[in-house]
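The values are calculated or read from the model by the stated rules, or taken from the named source; none is laboratory data. Predicted, not measured: the structure shown is a model, and the values here were computed from it. Neighbour counts run over all protein chains shown; Cβ positions are idealised from the backbone, glycine included.
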Amino acid sequence: MGDFDEVGDDAVQSVELVRCDGDGAVAGRDLVAREEPLEIQLRGATVAVTMRTPGHDAELVRGFLVTERVVHRAADIAGIRHCSVVTDPAAEENVVNVTLRDGVIVDLDALRRNLFASSSCGVCGKATIENALAVAPPLDDPARFAPDFFRGFADRLLAAQPVFARTGGLHAAALIAPDGALLAVREDIGRHNAVDKVVGWALERDRVPLAGHALVVSGRASFEIVQKALAARIPVVAAVSAPSSLAVDLAGRAGVMLIGFLRGGQFNVYGQRDRLALPR
């Protein structure tokens, strides 16, 4: 049985609106997905602030630490807690401090520089790929997948998105076992956060690296999604929508099979295409 815990009422917010049609306008209310900043601290020092949907914050932080190559196993993390002492009481649930085990060395300045570079627009795509592969080398994973392995994944992902069903405003990521079982689904306002949450779910259970697994994401597949899969050692990324050019280039260099336009039993294959085990 997979893990599909709902984010909860903190994930949605009721807002006022005016609905317009050809006959006029009427005031009402609607549910929208909540978006809040999450400040991540290591040993009391801020290393990142990400916009996310509240819920599964510890999983998000664990996954972030894996995909940024700060930790490699669950035992590297001694503790994760929301800070109770903050400058603004309204931010109490939006600041998380991480304690690492003794012996885990982190270059905070280098981590901040890498986060800045990965989110900046003026860098060359080739250099960006080289930097990603320097941090997490190409996969050495023999896993191959038959086309039928991916049948119905888009529908299964959609069925496991309760907050999206209520708001239409969240992305989702799903972690798939080598036998095709749906292990965990997480929703978030940011697709990259949803990925970090399922990776964090796996880290907490000592399942990282994720050889032979697949990652399914709603929407498009960007460079950042493939980079996170590479860091978690996931050999397949499948997206409901289109991949970006840089995502395709990185997937090809990194040994990741990248699937786009996953609809029913139809999809396109990019990147490491020989992971697809076609029938003879």
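Here is a list: Ser241, Ser218, Ser245. Which entry is surrounded by fewer than 23 Cβ atoms within 10 Å (Cβ to Cβ), over 19 Å from His72 (Cβ atoms) and in contact with a His (Cβ under 8 Å, 6 or more places away or on another chain)? Even if it seems obvious, please write down each step before you answer.
Numbers: Ser241 fails: in contact with a His (Cβ under 8 Å, 6 or more places away or on another chain); Ser245 fails: in contact with a His (Cβ under 8 Å, 6 or more places away or on another chain).
When all the criteria are applied, what remains is Ser218.
Starting from residues that are among the small types (Gly, Ala, Ser) and surrounded by 20 or more Cβ atoms within 10 Å (Cβ to Cβ), keep the ones in the stretch 256-280 and report whichever is nearest to Thr128 (Cα to Cα). Among those residues, the one meeting the criterion is Gly271.
Of all residue pairs spaced 6 or more apart or on separate chains, those with beta-carbon atoms under 6 Å, a first member in the stretch 40-63 that is within 15 Å of Cys83 (Cβ to Cβ) and a second member that is outside any helix (DSSP H, G or I) and small (Gly, Ala, Ser) are Ile40/Ala48. Residue check: Gln272 meets all listed conditions (1) under 22 Å from Arg151 (Cα atoms); (2) of a type in the set (S, T, N, Q); (3) at pLDDT below 90 but one, namely (3).
Answer with yes or no whether Ala174 is under 23 Å from Thr53 (Cβ atoms) and at pLDDT 95 or above. Yes. For the stretch 69-84, the tally of residues that are among the basic types (Lys, Arg) and within 22 Å of Gly55 (Cβ to Cβ) stands at 1. Give me the residue from the stretch 209-258 that is assigned to a loop (DSSP other than H, G, I, E, B) and modelled with pLDDT under 95 and, out of that set, nearest to His171 (Cα to Cα). The residue in question is Ser218. Look at the stretch 189-206: where a residue is within 19 Å of Asp10 (Cα to Cα) and a partner is acidic (Asp, Glu) and surrounded by fewer than 22 Cβ atoms within 10 Å (Cβ to Cβ), sitting 6+ places away or on another chain with Cβ atoms under 7 Å, you get Ile189/Glu35.
Here is the figure for the stretch 132-185: residues that are under 23 Å from Ala251 (Cα atoms), assigned to a helix (DSSP H, G or I) and not charged (D, E, K, R) total 10.
Give Val236, Val226 a once-over and let me know the one that is surrounded by 24 or more Cβ atoms within 10 Å (Cβ to Cβ), over 21 Å from His56 (Cβ atoms), of a type outside the set (Lys, Arg) and touching a residue at least 60 places away in the same chain (Cβ under 8 Å).
Values: Val226 fails: touching a residue at least 60 places away in the same chain (Cβ under 8 Å).
Being surrounded by 24 or more Cβ atoms within 10 Å (Cβ to Cβ), over 21 Å from His56 (Cβ atoms), of a type outside the set (Lys, Arg) and touching a residue at least 60 places away in the same chain (Cβ under 8 Å) holds for just one of Val236, Val226, which is Val236.
Of everything in the stretch 51-67, what is among the hydroxyl-bearing types (Ser, Thr, Tyr) and in a helix (DSSP H, G or I)? Give them in sequence order. Can you show your working first?
Step one: of the stretch 51-67, the residues among the hydroxyl-bearing types (Ser, Thr, Tyr) are 53, 67.
Of everything in the stretch 51-67, just one residue is among the hydroxyl-bearing types (Ser, Thr, Tyr) and in a helix (DSSP H, G or I), namely Thr67.
Summed over the stretch 203-215, residues that are of a type in the set (Gly, Ala, Ser) and surrounded by fewer than 24 Cβ atoms within 10 Å (Cβ to Cβ) total 2. The numbered conditions (1) charged (D, E, K, R); (2) over 25 Å from Ala78 (Cα atoms); (3) touching a His at 6+ places or on another chain (Cβ under 8 Å) are all true for Lys197 except (2).
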